[in-house]
Amino acid sequence: LGTRRKEGSDALGLIVRAIQLPQDLVGYLGQDDVVHVAYWKGANTLEEAQKNKFDLIFRKLETTPGMKVADLGMGWGTAAAYMHEHGDVDVTGVSLSAQQVKWATDNLSKKGLQFIWSDYRDHCEDPKHIGTYDRIYSIGMLEHVGYKNLEPFFRCVKKLLKPDGLAVIHTIGEPDFVPVSDAFLDKYIFPGAVIPTLSSVMPAVEDLFIVEDYQNIGYDYAGTLAAWDVNAKEFFKNNPKAYTPEFQRMWEYYLKMCEAL
């Protein structure tokens, strides 16, 4: 699935399967419901490391008050809320997950902070949004667009940005390009995802942007996964009937396998 263009209902189906986990389970990831690698430099707890990650991206964006910012993918909206609060910027979160958009809208939205249920490709074709954003960031979405869609993704980002705009794109990475997903991850965790490599991303970027910064925090993923595993075991212990034993074993295998990698 990751090798072809994800059209309309197919893309929506993959998003629903990949990220529409129940809120109770997502909550174990940390108090900010962050479903991506934390940044452990100077941190002692998962919550501190997750805040560090938000701050790292915030600093890289180099915003000034009043700027217009887009969060493509948005997760549960907590990163957008952080950017809005700390930067005094207008943030729009864009996601195909109706569950996440609803939760973020109900719990986080306010003046200058909104969430839209939309395919990012539709967003970048909407004349109301073309060339209107000062900054764009995306956290952990690039893995899900498919390797053949990397160039169209970055072209979309460029289309949404103002001429002097800046983008920060975060993704899981692989050292060796494989145009298919791991069979276990594809079936149970991230259907249709293909982890990009630097060698596959750069050709999609180089004719569109000047790359000013590259940072590898892959080592921090192991610590994040280990912390998630501790929290997950506690969650399943306190909620033994919430999920089947088979699901619990699958979830533990996923976390420990990825930590080992």
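Identify all residues within the range 141-162 that are open to solvent by less than 20 Å² (accessible area, probe 1.4 Å) and touching a Gly at 6+ places or on another chain (Cβ under 8 Å); write none if there are none.
Gly146, Leu160, Leu161
Pick from Asp213, Asp220: which is buried (at least 16 other Cβ atoms within 10 Å of the Cβ), acidic (Asp, Glu), touching a residue at least 40 places away in the same chain (Cβ under 8 Å) and closer than 20 Å to Ile57 by Cβ?
Every option except Asp220 fails the conditions.
Among Ser200, Ser138, which is the only one that is open to solvent by less than 90 Å² (accessible area, probe 1.4 Å), under 15 Å from the mean Cα position of the chain (by Cα) and polar (S, T, N, Q)?
Only one candidate passes the filter, namely Ser138.
Here's a check for you: in the range 63-81, which residue that is in a helix (DSSP H, G or I) and without any contact (Cβ under 8 Å) to a residue 60 or more places away in the chain is surrounded by the most Cβ atoms within 10 Å (Cβ to Cβ)?
Ala80
Could you check the range 55-78 and list, in sequence order, the residues that are at pLDDT below 95 and of a type in the set (A, V, I, L, M, F, W, C)?
Met74, Trp76
For the range 163-185, give me the residue count where each residue is open to solvent by less than 70 Å² (accessible area, probe 1.4 Å) and not in a loop (DSSP other than H, G, I, E, B).
Going through the range 163-185 one residue at a time, the tally reaches 8.
Please specify each residue of the range 216-260 satisfying the condition of being more than 25 Å from Asp182 (Cβ to Cβ), part of a loop (DSSP other than H, G, I, E, B) and out of contact with any helix residue (DSSP H, G or I) (no Cβ under 8 Å at 6 or more places or on another chain).
Pro240, Lys241
If I ask for residues that are open to solvent by 30 Å² or more (accessible area, probe 1.4 Å), out of contact with any Leu (no Cβ under 9 Å at 6 or more places or on another chain), part of a strand (DSSP E or B) and hydrophobic (A, V, I, L, M, F, W, C), which ones from the range 92-135 would you list?
Ile116
Looking for something polar (S, T, N, Q), in contact with an Asp or Glu (Cβ under 6 Å, 6 or more places away or on another chain) and crowded, with 20+ Cβ neighbours inside 10 Å - is there at least one such residue anywhere in the range 42-55?
yes
Among the residues of the range 120-137, which ones are of a type in the set (Phe, Trp, Tyr) and farther than 13 Å from Phe154 by Cα?
Answer for the range 120-137, where residues must be of a type in the set (Phe, Trp, Tyr) and farther than 13 Å from Phe154 by Cα: just Tyr133.
Kindly evaluate Tyr188 against the criterion of being open to solvent by 80 Å² or more (accessible area, probe 1.4 Å), in a loop (DSSP other than H, G, I, E, B) and either in contact with a Pro (Cβ under 7 Å, 6 or more places away or on another chain) or hydroxyl-bearing (Ser, Thr, Tyr) (or both).
So Tyr188 fails the test.
I'm trying to understand the selection: among the residues of the range 227-248, which are in contact (Cβ under 8 Å) with a residue 12 or more places away in the chain and surrounded by 12 or more Cβ atoms within 10 Å (Cβ to Cβ)?
Ala227, Trp228, Asp229, Asn231, Ala232, Lys233, Phe235, Phe236, Asn239, Ala242, Tyr243, Gln248
The values are calculated or read from the model by the stated rules, or taken from the named source; none is laboratory data. Predicted, not measured: the structure shown is a model, and the values here were computed from it. Because the Cβ atoms are built from the backbone with ideal geometry, glycine has one as well, and the counts that use them run over all protein chains shown. Quick note on the areas: whole protein, heavy atoms, side chains included, nothing else; ligands and nucleic acids left out. Shrake-Rupley method; radii C 1.70, N 1.55, O 1.52, S 1.80 Å.
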